[in-house]
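The values are calculated or read from the model by the stated rules, or taken from the named source; none is laboratory data. The structure presented is a predicted model; accordingly, all values stated were derived computationally and were not measured. Virtual Cβ from ideal backbone geometry, glycine too; neighbours counted across all protein chains shown.
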Amino acid sequence: METEKELRYAGFWIRFAAFLLDYIILMIPNFIISLPFAVLQLFFASGDSLEQQLVVFLFGMARATLIMLVDCLYFSIMESSKYQATLGKLIVGVKVVDIKGTRLSFWRALGRYFSKFLSWITLGVGMVIIAFTKKKQGLHDMVAQTYVVYKK
């Protein structure tokens, strides 16, 4: 357990780099999930009937739900693991801790993931404030009571 004085908070740009790496990494499973749905959507999109349009819509919703589930599990499992970081965070040398400086539970990591929606619906302001807060927290970090810190 690290005391708060021992924590070195990770700033906006290093976290942004980790975010980009994670989404590049997630493109692989998301593409694999999307491909069969896209093919089915193209097949059903050839018609103008309401039923065909509904099927296309439902395939799109199923695809989006599966992608969100993969992303959610990736962030929640990785950030609550012994590594305390996603692959992107591992590459740039940061990890996620709770306010006591300890590893997150799966449930806190899950809450942190869903709290990111608050940061995005504020048109990204919830993310940008990382650059301006004393402990480099985004809105989602404040809600989940977490910090992103440099690994020792």
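The figures follow:
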| quantity | calculated |
| --- | --- |
| Test: residue in segment 7-29 that is surrounded by 12 or more Cβ atoms within 10 Å (Cβ to Cβ), more than 18 Å from the chain's Cα centre (by Cα) and part of a strand (DSSP E or B) | yes |
| Single condition K100 does not satisfy, out of (1) surrounded by 15 or more Cβ atoms within 10 Å (Cβ to Cβ); (2) within 20 Å of Y147 (Cβ to Cβ); (3) at pLDDT below 95 | (1) |
| Residues that are of a type outside the set (D, E, K, R) and under 14 Å from M142 (Cα atoms), drawn from segment 70-100 | V96, V97, I99 |
| Considering residues of segment 93-152 that are part of a helix (DSSP H, G or I) and small (G, A, S) only, the residue farthest from the chain's Cα centre (by Cα) | A131 |
| One residue from L118, L139, L87, L110 being touching a helix residue (DSSP H, G or I) at 6+ places or on another chain (Cβ under 6 Å), under 23 Å from M68 (Cβ atoms) and at pLDDT below 95 | L118 |
| Residues of segment 36-86 satisfying the condition of being among the charged types (D, E, K, R) and either closer than 26 Å to D22 by Cα or in a helix (DSSP H, G or I) (or both) | E51, R63, D71, E79, K82 |
| Pairs with Cβ under 9 Å, 6+ apart, first in segment 82-100 and touching a residue at least 24 places away in the same chain (Cβ under 8 Å), second part of a strand (DSSP E or B) and surrounded by fewer than 17 Cβ atoms within 10 Å (Cβ to Cβ) | G93/Y150; V94/Y150; K95/Y150 |
| Given (1) in contact with a Lys or Arg (Cβ under 6 Å, 6 or more places away or on another chain); (2) closer than 27 Å to G126 by Cβ; (3) buried (at least 16 other Cβ atoms within 10 Å of the Cβ), index of the condition F37 fails | (2) |
| Residue satisfying condition, being surrounded by 16 or more Cβ atoms within 10 Å (Cβ to Cβ) and not charged (D, E, K, R), within set G60, G88, G93 | G88 |
